[in-house]
1. Suppose the filter is surrounded by 15 or more Cβ atoms within 10 Å (Cβ to Cβ), out of contact with any helix residue (DSSP H, G or I) (no Cβ under 6 Å at 6 or more places or on another chain), hydroxyl-bearing (S, T, Y) and modelled with pLDDT of 90 or more; does S6 pass it?
2. State which residue is surrounded by the fewest Cβ atoms within 10 Å (Cβ to Cβ) when the search covers only the range 36-55 and only residues that are farther than 12 Å from I19 by Cα and modelled with pLDDT of 90 or more.
3. Among the residues in the range 48-70, are any part of a strand (DSSP E or B) and among the aromatic types (F, W, Y)?
4. I'm checking my understanding of the structure. Among residues of the range 62-92 that are among the hydrophobic types (A, V, I, L, M, F, W, C) and within 16 Å of D13 (Cβ to Cβ), which one is surrounded by the most Cβ atoms within 10 Å (Cβ to Cβ)?
5. Looking only at the range 3-21, how many residues end up being among the aromatic types (F, W, Y) and either within 15 Å of K55 (Cα to Cα) or touching a Leu at 6+ places or on another chain (Cβ under 8 Å) (or both)?
6. If L33 satisfies all but one of (1) free of Cβ contacts under 8 Å to residues at least 24 places away in the same chain; (2) exposed (fewer than 12 other Cβ atoms within 10 Å of the Cβ), what's the number of the condition it fails?
Amino acid sequence: MQLYLSPEFYKQDAQVLNIVTDKSKPVGYLAFLMTDKKMYVYGVIEEEGVAEDFKDLVTPFIQGLTKLSSEIEVFTYLSVGGKKIEFESQEE
C-alpha cells in the first residue's frame with residue numbers, strides 16, 4: 001500500500017503529519033518535537049499490514065531531520081496495529 005505524509009500542524013520545532021493512503025484515507029500519524037540536542041519521534045499506524053511501508057516512508061524523513069544538527073540524539077517510538085516496530089536510523 002502506498003503511504004504519504006500530509007501536514008496537519010507545523011512549527012519550527014514540532015510537526016504533526018497525517019499518514020494517508022493513495023486514496024486519501026487517514027491511517028495514522030507521525031509527530032516530532034525537537035529541542036537543542038534531542039528529537040522525539042512518535043508514529044502510529046492503525047493497520048497491521050503496512051509496517052514495512054511505514055518504515056520506508058518514515059526512515060528518509062527522520063534521516064533528513066537529523067541532518068539539521070550533527071549533535072542531535074533521536075528517540076523514536078513507532079507502532080503498527082498497537083505493536084512496537086523497531087526503527088534504526090542509518091548513519092552515513
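1. Considered against the rule, which asks whether it is surrounded by 15 or more Cβ atoms within 10 Å (Cβ to Cβ), out of contact with any helix residue (DSSP H, G or I) (no Cβ under 6 Å at 6 or more places or on another chain), hydroxyl-bearing (S, T, Y) and modelled with pLDDT of 90 or more, S6 comes out as no.
2. For the range 36-55, the residue satisfying everything is K38.
3. We begin by selecting, within the range 48-70, every residue part of a strand (DSSP E or B); these are none.
No, the conditions are met nowhere in the range 48-70.
4. We begin by selecting, within the range 62-92, every residue among the hydrophobic types (A, V, I, L, M, F, W, C); these are 62, 65, 68, 72, 74-75, 78, 80, 85, 87.
Then drop every residue that is not within 16 Å of D13 (Cβ to Cβ), which leaves 62, 65, 68, 72, 74-75.
Values: I62: 19, L65: 17, L68: 9, I72: 15, V74: 16, F75: 11.
In this case the residue turns out to be I62.
5. Residues of the range 3-21 among the aromatic types (F, W, Y): 4, 9-10.
From what is left, the residues that are either within 15 Å of K55 (Cα to Cα) or touching a Leu at 6+ places or on another chain (Cβ under 8 Å) (or both) are 4.
Residues in the range 3-21 being among the aromatic types (F, W, Y) and either within 15 Å of K55 (Cα to Cα) or touching a Leu at 6+ places or on another chain (Cβ under 8 Å) (or both): 1 in total.
6. (2)
The values are calculated or read from the model by the stated rules, or taken from the named source; none is laboratory data. Quantities reported herein were computed from a predicted structural model and do not represent experimental measurements. As a convention, Cβ positions derive from the backbone with ideal geometry for all residues, glycine included, and neighbour counts pool all protein chains shown.
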